[in-house]
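The values are calculated or read from the model by the stated rules, or taken from the named source; none is laboratory data. Please read these numbers as outputs of a predicted model, since none were measured by experiment. Note that we place each Cβ from the backbone using ideal geometry, even for glycine, and neighbour counts take in every protein chain shown. When the accessible area is computed, the model is the full protein with side chains, heavy atoms only, and any ligands, DNA or RNA have been set aside. Shrake-Rupley method; radii C 1.70, N 1.55, O 1.52, S 1.80 Å.
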Amino acid sequence: MTFFLSAMDPRAKVKGSRDGLGAQGVWAAAGRPLIGNLTTVTSSLRGFTTLLVGLRLAAQTAADDAADSAANAFLVWEQMVGYARHVVHEHRGFFGYQRVAARTAAAKADGGRVRLSAHSGEQILGNQRTDGLLGNYTAPARVSGLVRPGFPVRLTPEAAAFVDDVYMPRLAQAWGREARDLVRALGQDSVSFDVRPNQRLAAVASLFDAGLGAAEARFYQRHLVQGGPSDPTSGRQVRFAAILGARLAESEQLSQAVIAQLAADADEGGWGDVAGLLRNIGACESVLAPATTLFSYLLGRDGDRVEAIAADVRKAWGGRLDSVHPEALSVLPAGDWRAIATSLDHGDYAGAVTALVGRNAAVMSARGGAAPWLDISNGRVRVQFRGDEAGSLLDADEVRQLWWYPYFIPSLRSILTTLQKGRP
């Protein structure tokens, strides 16, 4: 089965990765037929809670044509939630945690209040608008049927009704009917927020209590696990989620063995389409993972001859990389990636080096003509950009067990864990 798309998924990028081989387009296309709505960073169910309530509140602070004002109100809400989660629940895994923790400690030593606003000095990230929930969760929420198409960003009627029924009454206990005092505060240019124990702090934190109510669980199951009313996977995601959820305790880390077991579970359940896609992912990763680690290794071999590098790889990996999946050529896109797979499978490590260098040059050219990170001149590798990407060469056993890319599976697993066990 060939599943590769011509366009890269803009929601797939792993933060912090420069992706010198353009592997994103490959693994994202492999993962999308199974998981159609989540991204690599949308792993927090409570991140979606923050987004939904924040968008509902922000919409009430400004008219429909005042998108900037509503966005600013959302940033203040995101900050407020961060402080409430940190102080009341001691949560750590949310965007901006480090600044929230540091400012909370400073505030407790000096009056107990923090300043909230959309101004850069009060933001909890370097650029909270793009790096926070608005920038990372809005598009997945739209795919999940939680956010309407277009701008300004507004909830769908179903999501708005859910927020009004489940969350607004909790906020109203301390912020007034329909949380009017909170809406008023979010509409201000700046808010002084008390992080010492108080009713308003507790009301915000109550949205993130351990465990989920029945209405919450049903809602998030439908939209995040099942992919929403317009599930782009045509039901494959919910079938895969059923298999993955049954093995949460056994699948802490992705590996070829884990993927093979999940595929076997899918076959046993009569879901051959899911099993086939999982095996395609395994085949894809059997090339992407060693290719990526080999490319990283090349960035530390400036000036060395290709033959010498190939000889070192052969010593580490053996006469051929026998972990390359037999179906890899049928699922990888034609061109560079199939050449890389063939070279690794045949033990042509000099050819693999040459193919990886060519792949990097093609990726950089496609990105607007940026200079390649490395090239080959007179039989020697010349490194032009090393950065922090250079790595060591793993031994044969390590590379056989290596799993590098997420295929969106950890995000779905995290959502399922929260639904099943109440972890934030």
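Rounded to the nearest 0.05, the FRET efficiency derived from the C-beta distance between residue 89 and residue 165 at R0 = 25 Å is 0.65.
Annotation: amide H of residue 299 within the under-5 Å range of 391, sequence separation 5 or more or interchain, hydrogens built in the peptide plane.
Nonpolar atom fraction for the chain, defined as the carbon and sulfur part of the 1.4 Å probe accessible area, stands at 49 percent.
Note on the chain: helix-only mean residue ellipticity at 222 nm, from DSSP H runs of 4+ residues weighted -39500 (n - 2.57) and normalised by residue number, equals -16000 deg cm²/dmol.
Cα-based radius of gyration for region 192-267, normalised by 2.2 N^0.38 Å, reads 1.61. Evaluate the Debye formula for region 92-242 with equal point scatterers sitting on the alpha carbons, no solvent, and hand back log10 of I(q)/I(0) at q = 0.10, 0.12, 0.14, 0.21 Å⁻¹, in q order, two decimals. Those come out to -0.46, -0.66, -0.89, -1.53, one per q. The residues of the chain present an accessible area of 42 Å² per residue when probed at 1.4 Å with all protein chains retained. The 3J(HN,Hα) values that the Karplus relation (6.51, -1.76, 1.60; θ = phi - 60°) gives for region 233-239 are, in residue order, 9, 6, x, 5, 5, 5, 5 Hz. Gly and Pro appear as x.
For the chain, the relative contact order is 23 percent, taking Cα pairs closer than 8 Å that sit 6 or more residues apart in sequence and dividing their mean separation by the residue count. In this label model, residue 120 and residue 392 are separated by 4.0 nm, measuring between points 7 Å along each Cα→Cβ vector. Shown here: region 300-424, whose C-alpha atoms stretch 59, 37, 28 Å along the first, second and third principal axes, sorted largest to smallest. Dividing the mean sequence gap of close Cα pairs (under 8 Å, 6+ apart) by how many residues region 210-351 holds gives a relative contact order of 18 percent.
Of the residues 392, 411, the one with the largest accessible area comes first in the ranking 392, 411, computed with a 1.4 Å probe on protein heavy atoms. Checking (i) 24, 47, 26, 2; (ii) 26, 55, 18, 1; (iii) 20, 39, 29, 11, 1 against the coordinates, the calculated P(r) over Cα pairs in 20 Å bins from 0, in percent falls under label (i).
The residue among 227, 206, 259 whose Cα reaches farthest toward the positive pole of the charge dipole of region 205-265, with charges on the beta-carbon of Lys, Arg, Asp and Glu, is 227.
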